[in-house]
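Reviewing the structure listed below.
The values are calculated or read from the model by the stated rules, or taken from the named source; none is laboratory data. Note that this is a predicted model, so its numbers are computed, not measured. Ideal geometry is used to build each Cβ from the backbone, glycine not excepted, and the neighbour counts take in all protein chains shown. To get the accessible areas, we keep the full protein, side chains included, count just its heavy atoms, and leave off ligands, DNA and RNA. Shrake-Rupley method; radii C 1.70, N 1.55, O 1.52, S 1.80 Å.
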Amino acid sequence: MRFKNLFISFSILFLSIGLSPNLKACELFDLVITKTICNAEKKFAVKINFGYRDAGEFFTITGNGKNYGTFAYANLPIIIDGLPGDCTTIYEFVITDVNNQSCHIGKELGKVCCESNCEL
């Protein structure tokens, strides 16, 4: 009976701080962001890929004050296109698990310059 009471006490403690005794630790790792070449409109795309373990089904991608959307882990890698290569924006991308906000990973891509080519 004593062990049962101890288990109940720990379960209440975990639930009160938002954890489940059976919750596994989500891990996101090996984030790779690959930039494409610029198009004629001076825009580019990025391909985002990473590893994950014990995560939910979905994650969000945010950065630079924008929410790029919610995606399924099963659909990795993700391509985000139409990004302006204005030589001033310092691009960053943060991936966050939808079910566990403390499970996240991020990376800065830096400035991207899509300058026009001059042909003679």
Would you calculate the convex hull of the Cα atoms in the stretch 38-81 and tell me its volume per residue in Å³? 85 Å³
Provide the FRET efficiency to the nearest 0.05 for the residue 72-residue 115 pair, computing r from the beta carbons and using R0 = 30 Å. 0.25
Stokes-Einstein at 37 °C, 0.692 mPa s, Kirkwood radius from Cα pairs: D for the stretch 68-120 in µm² s⁻¹? 241 µm²/s
With all protein chains modelled, accessible area of residue 81 [1.4 Å, Å²]: 110 Å²
Sparse-neighbourhood loop sites, GluC sites (Glu not before Pro) in the stretch 24-120 - DSSP loop, at most 16 other Cβ within 10 angstrom: 41, 57, 115, 119
Once the in-chain neighbours fewer than 8 apart are removed, the aspartates and glutamates whose Cα is under 16 Å from residue 66 read 81, 92, 108
Run the 1.4 Å probe and let me know the accessible area of residue 70, rounded to the nearest 10 Å². 90 Å²
